[in-house]
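First the structure, in the form of structure tokens, and then the observations on it.
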Amino acid sequence: MLVSKYLLKTLRESPTGAELPSHIFLLRGGYVKQLASGLYSILPLGKRILTKIEAVIRDEMEKVAGQEVDLPLVQPAELWMESGRYGAIGAELLRFKDRSEHHMVLAMTHEEAITDLARYMLSSYKQLPFMIWQFKLKFRDEPRARGGLVRVREFVMKDAYSFHRDDADLDSYYQRMYQAYENIFARAGIKPIVVKSDTGIMGGKIAHEFMLETGHGEDYLIIAQDGSYSANQEIAEFQRVHTKADHLPLEKVATPGKKTIEEVSALLAVKPEQTMKAVMYEVEQDKKRMLALVLIRGDLDVSDVKVRNYLKVPWLLPAQEDFIRSFGLVPGYASAVGLAERKDLLVLADFSVSEGNNLVGGANEEGFHLKHVNFRRDFNTPHCGDFAKAQAGYLSPDGKSTLRAVRGIEIGNIFKLGTKFSESMGCNYLDESGKHQTPTMGCYGIGIGRLMAAAIENSHDEFGPIWPKEITPFHVHLVNIGKEPEVLETCAKLMQEWESQGLEVLFDDRDERPGVKFKDADLWGIPVRIAVGKKGLVEGKAEWKLRKDKEFSLVPTAELAQKLAIFYGRS
RNA sequence: CGGGGCGUAGCUCAGUCUGGUAGAGCGCUUGCUUUGGGAGCAAGAAGUCGUAGGUUCGAAUCCUGUCGCCCCGACCA
């Protein structure tokens, strides 16, 4: 490919709003162009990388016996009503009507369509297990797109779905897929951190996220210092430290105008970990709007994902003041003391308060708190659990190590879905004894564009991306220095020679100064740059420079082909 | 959804406060000179100042609506 004929445009300056290295370089290098918020046009250079990534993934999917399909993006709403997700998912699911007034959606993932296909195809246990997968556009009306290709609204995903007779078979296939993911990311030059994650609206039981650790990531990961534990912060567990003490008598104290933990603990001269707060949410259960009180020690934060999962509700809203007051509670002075008879409230107690003692809590009266509040004696609830958000510095779940927090970008995930979709959508098969059985499912996703962005976050310098060999847009970046006939002839000859050995060559044949060409070469990040100039050619040599290195070496032009073959493992 | 910011040439921005009819750098076109890390000189093309309405003799500038984009938040009582 000749640069002079290629649809490429590099920018000297970063476009406004780009902050992540991947966002900046994708725009500056001419890989993508933004069309609207969260919507990007992929330009020829970017498309080559996506195609390479897809080739790697296709290779690994075939190794785990995947069968590639292509399912519709536009789907009837009825399908999503069958699975129950039409009502469970919020505005992220784009709904519209077609010309004949049918309710339709743009698929944000393809469990429904796959299950529909499977219930048509599947009839006998002899067909199981199988895995179906695709590269397919998804549309998610994200509340806020950000970070270039990291969080967009329209994107291509590799989504795979497996069907099994039982959990044991799913478990063993899940392990194979786990390995396939390790392979894919390794081939993209990435060493992911694998964490346990929330299963969210997908349902299911166990899920893992493959995360790239980066200072710019939008997810927070909790990792034990000794490596024994890793999880997404949303669901990360930790061991609470409790003080042991005899229960002291309940005591009412005046705390006028003191509502926050800081104010109350300062006034009463106690540490925040000796206080209890009531974090209140508005939830909907059985079509009724309820107020949920989550009681937790003052120094801890609530994980709303843990609360949501415990209550099995699709969403939580922080309760507004007038909503709280409509239940007769006082914001700033709320607790569960004296509310035992209230059936209209959901009271949840984090282990930090159910196992702690002598805490300072609200008196449910404007301007008053209670000292020495104790679980069971002063308040009670059957809903005790882990509702606290893990933070750096806390003890790991086994208590043997300390947790640390890092930021990361999710580049892939694998789920054990179970029978959520196969059951609700009537997908079944006959076993050996002729009985109807419901297959158990797994699903496995990788965002292609996000992986391209992650590869840059993972591998770049101040001048541009440094592409790994397997996903580089071209194998060789050839540059002529000067317009002398012998230089141009040599370049043409070399290009033809390398292409005939199957290498992809980008030849910067433009009439530009060397500095311009080298800057662009850095933005395009091709692993090998070969520069041909009159000076070197006198000795029959050209410059060999790796993108990751600063220095070049002079190599006889006759040896370049072999050197390239070795570099790309094709010798 | 809430809060903040920004929309002026392909890109980055100045001009807006204090109203007087459009600017710079980069990029693009042409010519000459240059040629190893984003060259120099000269000439040139390019913007209904996001959009609609209002105020005014006169609006990029003031007012109102509207659309778009970016950032923060979506939670600790």
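The values are calculated or read from the model by the stated rules, or taken from the named source; none is laboratory data. Note that the coordinates shown come from a computational prediction; the quantities given were computed from them, not determined experimentally. Cβ coordinates were reconstructed from backbone atoms using ideal geometry, including for glycine residues, and neighbour counts include every protein chain displayed. Calculation scope for accessible area: heavy atoms of the full protein, side chains included, ligands and nucleic acids excluded. Shrake-Rupley method; radii C 1.70, N 1.55, O 1.52, S 1.80 Å.
From the list A:542, A:558, the one residue that fits, being near RNA strand B (Cβ under 9 Å from one of its atoms) and of a type in the set (A, V, I, L, M), is A:542. Restricting to region A:140-149, what's the tally of residues that are within 9 Å of RNA strand B (Cβ to nearest atom), under 14 Å from the mean Cα position of the chain (by Cα) and in a loop (DSSP other than H, G, I, E, B)? Number satisfying all stated conditions: 3. The single condition among (1) under 27 Å from the mean Cα position of the chain (by Cα); (2) more than 15 Å from RNA strand B (Cβ to nearest atom) that residue A:391 does not meet is (2). Checked against the criteria, residue A:178 counts as surrounded by fewer than 17 Cβ atoms within 10 Å (Cβ to Cβ), assigned by TED's automatic domain parsing to the domain that holds residue A:437 and touching a residue at least 60 places away in the same chain (Cβ under 8 Å). For region A:33-42, the criterion of being among the aliphatic types (A, V, I, L, M), in contact with a Lys or Arg (Cβ under 9 Å, 6 or more places away or on another chain) and in contact (Cβ under 8 Å) with a residue 24 or more places away in the chain is met by at least one residue. Could you go through region A:302-315 and let me know if any residue there is in contact with a Gly (Cβ under 8 Å, 6 or more places away or on another chain), more than 25 Å from residue A:255 (Cβ to Cβ) and hydroxyl-bearing (Ser, Thr, Tyr). So far as region A:302-315 goes, yes, one or more of its residues are in contact with a Gly (Cβ under 8 Å, 6 or more places away or on another chain), more than 25 Å from residue A:255 (Cβ to Cβ) and hydroxyl-bearing (Ser, Thr, Tyr). Only one of the listed residues (A:181, A:161, A:173) is of a type in the set (Ser, Thr, Tyr), over 30 Å from residue A:466 (Cα atoms) and not in a strand (DSSP E or B). That residue is A:173.
In this structure, residue A:234 does not qualify as open to solvent by 80 Å² or more (accessible area, probe 1.4 Å) and either within 13 Å of RNA strand B (Cβ to nearest atom) or within 26 Å of the chain's Cα centre (by Cα) (or both).
Report whether or not residue A:416 is assigned to a loop (DSSP other than H, G, I, E, B), at negative phi, basic (Lys, Arg) and open to solvent by 10 Å² or more (accessible area, probe 1.4 Å). Criteria not met by residue A:416. Taken together, the residues in region A:117-139 that are open to solvent by 60 Å² or more (accessible area, probe 1.4 Å) and not aromatic (Phe, Trp, Tyr) amount to 6. Screening the candidates A:313, A:264, A:270, A:294 for the property of being in contact with a Phe, Trp or Tyr (Cβ under 6 Å, 6 or more places away or on another chain) and hydrophobic (A, V, I, L, M, F, W, C) yields one hit, A:294. One residue stands out in region A:327-360 among those that are within 14 Å of RNA strand B (Cβ to nearest atom) and without any contact (Cβ under 8 Å) to a residue 40 or more places away in the chain: the one that is farthest from residue A:298 (Cα to Cα), namely A:327. When the criteria are applied in full, residue A:244 fails the requirement of being over 14 Å from residue A:356 (Cβ atoms), open to solvent by 80 Å² or more (accessible area, probe 1.4 Å) and not hydroxyl-bearing (Ser, Thr, Tyr). The residue of region A:313-326 that is farthest from residue A:383 (Cα to Cα), among those that are open to solvent by less than 60 Å² (accessible area, probe 1.4 Å) and within 12 Å of RNA strand B (Cβ to nearest atom), is A:323. Only residues that are out of contact with any helix residue (DSSP H, G or I) (no Cβ under 7 Å at 6 or more places or on another chain), in contact (Cβ under 8 Å) with a residue 24 or more places away in the chain and within 11 Å of RNA strand B (Cβ to nearest atom) were counted in region A:258-274, giving 3.
Across region A:5-34, which residue is farthest from residue A:512 (Cα to Cα) among those that are over 26 Å from the mean Cα position of the chain (by Cα) and within 10 Å of RNA strand B (Cβ to nearest atom)?
Here is the first cut: in region A:5-34, the residues over 26 Å from the mean Cα position of the chain (by Cα) are A:5-13.
Remaining after also requiring within 10 Å of RNA strand B (Cβ to nearest atom): A:9-13.
Working: A:9: 14, A:10: 14, A:11: 15, A:12: 15, A:13: 19 Å.
Ranking the candidates gives A:13 first.
State yes or no: is residue A:299 in contact with a strand residue (DSSP E or B) (Cβ under 9 Å, 6 or more places away or on another chain), at pLDDT below 85 and more than 8 Å from RNA strand B (Cβ to nearest atom)? Spelling it out, it is not the case that residue A:299 is in contact with a strand residue (DSSP E or B) (Cβ under 9 Å, 6 or more places away or on another chain), at pLDDT below 85 and more than 8 Å from RNA strand B (Cβ to nearest atom). In region A:545-555, of all residues being in a loop (DSSP other than H, G, I, E, B) and loosely packed, with under 13 Cβ neighbours inside 10 Å, the one that is farthest from RNA strand B (Cβ to nearest atom) corresponds to A:548. In the list A:281, A:310, which residue meets the criterion of being hydroxyl-bearing (Ser, Thr, Tyr), near RNA strand B (Cβ under 8 Å from one of its atoms) and either over 22 Å from residue A:240 (Cα atoms) or open to solvent by 30 Å² or more (accessible area, probe 1.4 Å) (or both)? A:281 is the lone residue from the list that is hydroxyl-bearing (Ser, Thr, Tyr), near RNA strand B (Cβ under 8 Å from one of its atoms) and either over 22 Å from residue A:240 (Cα atoms) or open to solvent by 30 Å² or more (accessible area, probe 1.4 Å) (or both). Can you tell me which residue is most open to solvent (accessible area, probe 1.4 Å) among those in region A:372-405 that are over 14 Å from residue A:297 (Cβ atoms) and hydroxyl-bearing (Ser, Thr, Tyr)? Filtering first and then ranking leaves A:402.
Could we say that residue A:521 is among the aliphatic types (A, V, I, L, M), closer than 16 Å to residue A:2 by Cα and out of contact with any strand residue (DSSP E or B) (no Cβ under 7 Å at 6 or more places or on another chain) here? Don't jump to the end; show me each part of the working.
Numbers: among the aliphatic types (A, V, I, L, M): yes; closer than 16 Å to residue A:2 by Cα: yes; out of contact with any strand residue (DSSP E or B) (no Cβ under 7 Å at 6 or more places or on another chain): no.
Answer is no for this residue.
Restricted to region A:437-527, the set of helices (runs of 4 or more DSSP H) holding at least 2 residues that are free of Cβ contacts under 8 Å to residues at least 24 places away in the same chain and surrounded by fewer than 19 Cβ atoms within 10 Å (Cβ to Cβ) comprises A:485-500, A:514-524. Each residue in region A:512-539 was checked for being within 19 Å of residue A:493 (Cα to Cα) and near RNA strand B (Cβ under 10 Å from one of its atoms), and 8 pass.
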